[in-house]
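The values are calculated or read from the model by the stated rules, or taken from the named source; none is laboratory data. Note that this is a predicted model, so its numbers are computed, not measured. Using ideal geometry, Cβ is built from the backbone for each residue, glycine included, and neighbour counts are taken over all protein chains shown.
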Amino acid sequence: MPNAAWVNLAGGKGEPEYAALGREFRASKMTFILHVPSWLAYTPLQTLDWKQVKYDSASFPDDSRGVYAFVLDSSQLAPGMFPPHAMVFYVGETGDQGNATLKSRLQNYRNKKAQRDRARLWAVLETWGEYLLFYYAVVAPGVSTKACETTLLDALVPPANKKDFSAKVRLAREAAFNE
């Protein structure tokens with residue numbers, strides 16, 4: 001192997017430069033399902049007016065019930081450097097059961113101790129937290145936030161969600177990934 005491919009450590013020992021980068025790639029790997037027919041079949045239960053706050057900022061969403069998504073957006077990382085490119089990691093809802101609101105849900109997510117029982121979401125928040133956007137949309141009274149969440153999940157199939165898909169999509173996802 002050419003010498004240029006090796007990081008020279010004390011005593012001439014080292015590893016290929018790509019090995020450390022490969023470990024970083026492995027730690028950053030997520031499997032996305034980009035199923036355009038699901039996107040085209042999506043029929044929202046109401047028009048959603050999406051707003052956003054940075055996950056790790058001091059800002060908060062409305063103190064209302066609704067749906068939300070954690071999104072990594074390249075335009076937030078390096079404005080103007082890349083073509084538009086965003087990934088939805090997780091979709092959730094709040095307000096159908098209990099008194100939780102979009103604001104209280106984000107407060108809960110910012111409390112990392114509270115997220116330890118959600119391994120997939122924990123990994124997303126730990127790996128990309130400083131770059132994530134918390135998108136949210138208020139859901140009107142009389143419209144089920146749970147139903148809104150399910151329709152969004154079935155269309156987007158985000159990698160950090162495990163439950164709350166319709167039975168058909170949950171089973172298809174399990175079959176695709178043997179989970």
Mind checking which residues of the range 63-81 are surrounded by 14 or more Cβ atoms within 10 Å (Cβ to Cβ), in contact with a helix residue (DSSP H, G or I) (Cβ under 8 Å, 6 or more places away or on another chain) and either under 20 Å from Ser144 (Cβ atoms) or without any contact (Cβ under 8 Å) to a residue 40 or more places away in the chain (or both)?
Ser64, Arg65, Gly66, Val67, Tyr68, Ala69
So which residues in the range 158-175 are small (Gly, Ala, Ser) and either under 15 Å from Phe89 (Cβ atoms) or touching a Lys or Arg at 6+ places or on another chain (Cβ under 7 Å) (or both)?
Ala160
Can you spot a residue in the range 117-136 that is of a type in the set (Ser, Thr, Tyr) and surrounded by 20 or more Cβ atoms within 10 Å (Cβ to Cβ)?
yes
Could you tell me which of the residues Tyr131, Tyr136 is hydroxyl-bearing (Ser, Thr, Tyr), under 24 Å from Asp62 (Cα atoms) and in contact with a Phe, Trp or Tyr (Cβ under 6 Å, 6 or more places away or on another chain)?
Tyr136
Just the residues that are among the hydrophobic types (A, V, I, L, M, F, W, C), out of contact with any Lys or Arg (no Cβ under 8 Å at 6 or more places or on another chain) and surrounded by 11 or more Cβ atoms within 10 Å (Cβ to Cβ), please, taken from the range 21-52.
Met30, Phe32, Trp39, Ala41, Leu45, Leu48, Trp50
Quick one: is Pro141 within 30 Å of Phe25 (Cα to Cα) and at pLDDT 90 or above?
no
Of the residues in the range 54-113, how many are charged (D, E, K, R) and in a loop (DSSP other than H, G, I, E, B)?
5
Quick check on my filter: what residues within the range 82-99 are closer than 11 Å to Leu132 by Cα and free of Cβ contacts under 8 Å to residues at least 60 places away in the same chain?
Ala86, Met87
Residue hits (the range 20-53; within 19 Å of Trp122 (Cβ to Cβ), in a loop (DSSP other than H, G, I, E, B) and free of Cβ contacts under 8 Å to residues at least 24 places away in the same chain) are Lys29
Which of the residues that make up the range 125-168 are without any contact (Cβ under 8 Å) to a residue 40 or more places away in the chain and part of a helix (DSSP H, G or I)?
Glu126, Thr150, Ala167, Lys168
